[in-house]
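Read the figures in this text as sums done on the coordinates, not as results from a lab. Model, not experiment: these values are computed from the prediction. Cβ placement follows ideal geometry from the backbone for every residue including glycine, while neighbour counts extend to all protein chains displayed.
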Amino acid sequence: MKVKLSGVIITYNEEKNIARCLESIKKVVDEIVVVDSYSTDRTEEICLRYDVRFIKHTFYGHIEQKNWAINQATHPCILSLDADECLSETLTKSILAVKNDWKYDGYYFNRLTNYCGKWIRHTSWYPSRKLRLWDSTRGAWGGFNPHDKFILRKGASRKFLKGDILHYSYYTFSEHIDQINKFSTILAESYFQRGRRLFLIDLVAHPLWRFLKDYILKGGFLDGYYGLVVSVNSAHETFLKYIKLRNYYLDYTRSQRNAVCFFNSTPTWGGGEKWHFEISRSFHARNHPVIVFTNRRADLWNKVVEANIPSYKINVSNLSFLNPFKIIRISRILKKERVRVIIMNLSADMKVAGLAARLAGVDRIIYRRGSAIPVRNSLLNRYLFKNILTDIIVNSYETKRTLLTNNPDLFDANKIKVIYNGLKFNQYEGHIPTPLYHRKNNEIVLGNAGRLVRQKGQEFLIDLAEVLKKRNANFRILIAGEGKLDMRLREYARTKGVEDRIVFMGFLKDMKSFMDSIDIFVLSSRWEGFGYVIVEAMAMAKPVVAFDVSSNPEIIDDNVNGYLVPPFDIEVLADKVMDLMKDPGLRGQFGMVARQTARERFDYNESLNKVESYIFGH
C-alpha cells in the first residue's frame, strides 16, 4: 500500500542544524511540520525558506511536545526526527521503498552519532536502534523524559530498515557537558516522579558499569580518544543522574520533616528549663509537632509528661559525644520523628545532640545560650560551632556579646538571634496575695531566688545582712532555692552572725507567693544571661536592686524602676537597699514603673511569636 508521509520535527534554537535536517527529508515526505518552543535564534527564519508548517507551542516536556506535534500532522504515517538529525542516503532509499509499499505498523533503524567531528561506531551510541517511522494510529510517544520513545501497541508489526540516522550531537566538549547536566536533571526528576528507588550502591555501581560496558564490552576503545571521552561522560551522566535523584529524595524528605526537638538534659530546674518547657508546650498547643529530650530525674521531664508532649529520656555527660551508640540512638529518633529543627540547651547537649542531628540530616541545629560567659576557644568547640551549628539563640545582648569574647571568628555573629525571655502577665491579673512568710515587728523583707551556686552569689546577701545589721536596720532576707552551696551558705551566715536575719526557704514552685512575702528584690548574681527572676519581681511591682553586670542593665533602668550597683560593692548595695527601706513611697513608685516596664518589654506572647517566626519562618 502506498502512503503519504508527514515529517514532524520539534525545535528550539536549532539554527546550526535545522537546514541539514530539512534538506534530507524534503524529498521523502509529503509535508513537514515543525513545532518550535519559541526559539530566540534564526530557527524560524531558516525553516520558512522551506515548504514547512511552522507552529509555535510551549514546551512542557519531550514526550508531551512530540505527542502534540504528531497531532498537527495531516497524514497518519509519520517520520519523526530531531533537528540535529538527518537521513543517510541508504536510509533515504529504504524509506522511499517503504513509502511505496507500506506493510508494517512501524519501522526502526540505527542512529550513527557524530561527536566533535568524529563518527562514534561503538559504545552504547552505536548501533542505537530508533523507531522513527510509524503509523501514528498504532501508538504514542512514551518512555520518560528526556529519553522518550514511540511505543507501538501490543501486537503491532515492525521491521528493521537499512541505513542510518546521522546524528550531529555535539560540536564541542563544553556543549556535551552542558547537555549532560541538563539531561541528568531531567532524568533524575523523571525517576523521582516514577518512584524509582535509590540505594547508595547505585552511586558507585551504575556509573562504573556504564563505563565498563561502553568502553570494554561495546568496544568504545576502538573509537580511540573520542571513544574514551564518550564512555567517561556517559558514566559521568549516570553518576549525576543518581546524585540528583538522591537530592530529590533528600528535598522531599526535608519537606516532610516539620517537627521541632527541644533537647535539655540537665536534672535541675532553672531559667533555661523553664524556657524549654514553656516554648515546647506553647508550640504543642499551636499544633506544631514537638518532641522533648530530657533527664528522667528532672522536673522538666515531669512537666512535659504532664503536658502530654512526646518525650524521650536521656542522660548526657561531657563525654557522651564519645559514645557512638548514644549518638546513633538519638539520630534514629530524630529521623523517626521527622525533626527539622533541634534546639539544644547545654554545652554537653550540643556536643552529643548536635552530632546526632547532623547525622540525621536535621536542617537547623540551634544552640540556645542562656549564660553571659564566653565560650571556651577549644578545638572541639571550634569544630562544633563552625561545622555543626546552624544558628544560635541568646536571651540578651550581653549574652551575645560575651559569647564570642574568646574567639570572634568562632561563629557568624549575624546568625546569633537575641530573643528575650517572656513572662505570662495574665497569671498576675486578679492575684490575691498569699504570702509564704509573715513579717514581724514591721520589718522590711528582702528576697532573692535562684540556685544555690557560685554564679548566683548568695554569699553577698549574707555580707549585706551583716552591714544592714550593723546599721541597726529592721529587716529579714528570704533566700529561695536549693543547690550544692546550701550548707556552706548556712555556715557562712552563722560565721557572720546573721543566721537570725536570713531564712533559707528551699526550692519553691509558687514564686507569686514568694514575691507576696517581700518588699524589695535583691539580685546578687555575679552574672546572668537573662535575669528572669528580676522580671518576675517587677511583674509583682517589686523594686529591684542588682549589681550592674551582664544583662541586668537591659532589664533595670537605674533610679527609675530599681537600682544598679557597682559590681560586688556591698556598702553601696546596702545604701540603695536602705534608701528603699526608709521610703515606702519610693518603693511603691519604683514598683509601679517596674511592672509597666516588664509588661512593655518582656511579654511572653510577644517572645513566643518571635521564636515561632524564627523557627518556622526560615
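If R0 is taken as 60 Å, the Cβ-Cβ distance between VAL305 and ILE151 corresponds to a FRET efficiency of 0.50.
Across segment 498-505, coupling constants 3J(HN,Hα) worked out from phi with the 6.51/-1.76/1.60 Karplus curve, θ = phi - 60°, read 10, 4, 7, 9, 10, 10, 8, 9 Hz, and Gly and Pro carry x.
Amide H contacts of ILE393 (H built 1.01 Å from N, in plane; Pro and chain starts excluded): TYR367, ARG368, ARG369, LYS417 sit under 5 Å, all sequence-distant by 5 or more or on other chains. For segment 559-618, the Cα gyration tensor yields ellipsoid semi-axes of 35, 16, 6 Å (square root of five times each eigenvalue, largest first, whole Å).
Charges were assigned to the Cβ only: +1 to each Lys and Arg, -1 to each Asp and Glu. The resulting dipole of segment 122-263 about its Cα centre is roughly 760 debye. Between SER124 and MET578, full extension at 0.36 nm per residue minus the direct alpha carbon distance yields a gain of 154.1 nm. The phi-based Karplus calculation (6.51 cos²θ - 1.76 cosθ + 1.60; θ = phi - 60°) puts the 3J(HN,Hα) values of segment 36-46 at 10, 9, 6, 4, 10, 9, 8, 4, 5, 4, 5 Hz, whole numbers, x for Gly and Pro. Quick one: if you stick a label point 7 Å off each Cα along the C-beta vector at TYR171 and PHE199, how many nm between them? Going by the 7 Å Cα→Cβ label model, 4.5 nm. Residue pairs exceeding 22 angstrom between C-alpha atoms, taken from LYS4/LYS154; LYS27/LYS93; LYS244/LYS351: LYS4/LYS154; LYS244/LYS351. Once the gyration tensor of the Cα atoms in segment 91-244 is diagonalised, the equivalent ellipsoid follows with semi-axes of 30, 21, 13 Å, ordered largest first. A simple count of charges around ASP391, restricted to other residues whose Cβ falls under 10 Å of its Cβ and scoring Lys, Arg +1 and Asp, Glu -1, yields +3. 3J(HN,Hα) along segment 102-117: 6, 10, 10, 7, x, 10, 10, 7, 7, 10, 10, 9, 9, 10, 6, x Hz, from the Karplus curve 6.51 cos²θ - 1.76 cosθ + 1.60 with θ = phi - 60°, whole Hz, x for Gly and Pro. Across segment 5-170, Cα-Cα pairs more than 28 Å apart make up 15 percent of the total. If the limit is 19 Å between Cα atoms, which of LYS103/LYS162; LYS313/LYS456; LYS303/LYS326; LYS274/LYS336; LYS440/LYS469 go over it? Over 19 Å apart, Cα to Cα: LYS313/LYS456; LYS303/LYS326; LYS274/LYS336. For segment 5-170, averaging the sequence separation of C-alpha pairs within contact (under 8 Å, six or more residues apart) and dividing by the residue count gives a relative contact order of 26 percent. Taking a point 7 Å out from the Cα of ASP409 in the direction of its Cβ, the residues of segment 357-397 whose backbone N falls within less than 19 Å of it are 375-389. Treating only the Cα positions of segment 325-470 as identical point scatterers, give the base-10 log of I(q)/I(0) from the Debye formula at each q in 0.10, 0.21 Å⁻¹. For segment 325-470 at q = 0.10, 0.21 Å⁻¹, log10 I(q)/I(0) is -0.56, -1.27.
How fast does segment 502-594 diffuse by Stokes-Einstein, in µm²/s, taking the Kirkwood radius from C-alpha pairs at 4 °C and 1.567 mPa s? Result for D is 97 µm²/s. Taking the fewest neighbouring Cβ atoms within 10 Å as the starting point, the ordered list for TYR12, TYR104 is TYR12, TYR104. Taken over the alpha carbons of segment 456-555 as equal point scatterers, the Debye sum produces base-10 log I(q)/I(0) values at 0.14, 0.18, 0.21 Å⁻¹ of -0.54, -0.91, -1.23. Each Lys and Arg contributes +1 and each Asp and Glu -1, all at the Cβ; summed about the Cα centre of segment 185-254, the dipole is approximately 280 debye. DSSP beta bridges confined to segment 75-229 are antiparallel in about 70 percent of cases. Remark on ILE151: its backbone amide H falls under 5 Å from those of ALA140, TRP141, GLY142, a criterion applied only to residues 5 or more positions apart or on other chains, H modelled at 1.01 Å from N. Computed over neighbours whose Cβ is under 12 Å from that of LYS440, the net charge equals +1, Lys and Arg +1, Asp and Glu -1. When only the Cβ of Lys, Arg, Asp and Glu is charged (+1, +1, -1, -1), the dipole of the chain relative to its Cα centre reaches about 2520 debye.
Per the Debye formula on identical point scatterers at the alpha carbon atoms of the chain, with no solvent, log10 I(q)/I(0) at q = 0.05, 0.11 Å⁻¹ is -0.44, -1.01. Each DSSP beta bridge with both residues in segment 5-170 is either parallel or antiparallel, and the antiparallel ones are about 45%. State the extension gain, in nm to one decimal, for the chain segment bounded by ASN181 and ILE243, taking 0.36 nm per residue of separation less the distance between their alpha-carbons. Length gained between ASN181 and ILE243: 21.2 nm. Counting only aspartates and glutamates at least 8 places from LYS130 when in the same chain, those with an alpha carbon closer than 15 Å to its own are ASP82, ASP84, GLU85, ASP105, ASP148, ASP164.
Using a simple spin-label model with pseudo-atoms 7 Å out from Cα toward Cβ, GLU571 and SER317 lie 4.8 nm apart. Across segment 1-97 the C-alpha pair distances fall into 5 Å bins from zero in the proportions 3, 14, 26, 26, 19, 9, 3, 1, 0 percent. Only helices enter the 222 nm calculation for the chain: every DSSP H run of n ≥ 4 contributes -39,500 (n - 2.57), and dividing by all residues gives -12500 deg cm²/dmol, rounded to 500.
Within straight-line reach of LYS400, meaning a Cα separation under 19 Å, sit the following lysines at least 8 residues removed in sequence or on another chain: LYS386, LYS415, LYS417, LYS610.
Report for the chain the percent antiparallel among DSSP-assigned beta bridges with both residues inside it, nearest 5. Of those bridges, close to 25 percent are antiparallel.
Averaging the sequence gap over all C-alpha pairs within less than 8 Å and six or more residues apart, then dividing by the number of residues, gives segment 425-602 a relative contact order of 23 percent.
For segment 239-324, the gyration tensor built on C-alpha atoms gives an oblate shape. Its axis ratio a/c (a ≥ b ≥ c) is at least 1.5, and a/b is not larger than b/c.
Projecting the Cα positions of PRO324, MET344, THR402 onto the charge dipole of segment 320-402 (unit charges on Cβ atoms of Lys, Arg, Asp and Glu, taken about the Cα centre) puts PRO324 furthest along the positive direction.
Dividing the C-alpha radius of gyration of segment 257-418 by 2.2 N^0.38 Å, with N its residue count, gives 0.97. Using C-alpha pairs below 8 Å separated by at least 6 residues, the relative contact order for the chain is 8 percent. Checking the a/c ratio against 1.5 first, then a/b against b/c, what shape does the Cα gyration tensor give for segment 425-602? Rounded shape, in that the Cα axes give a/c under 1.5.
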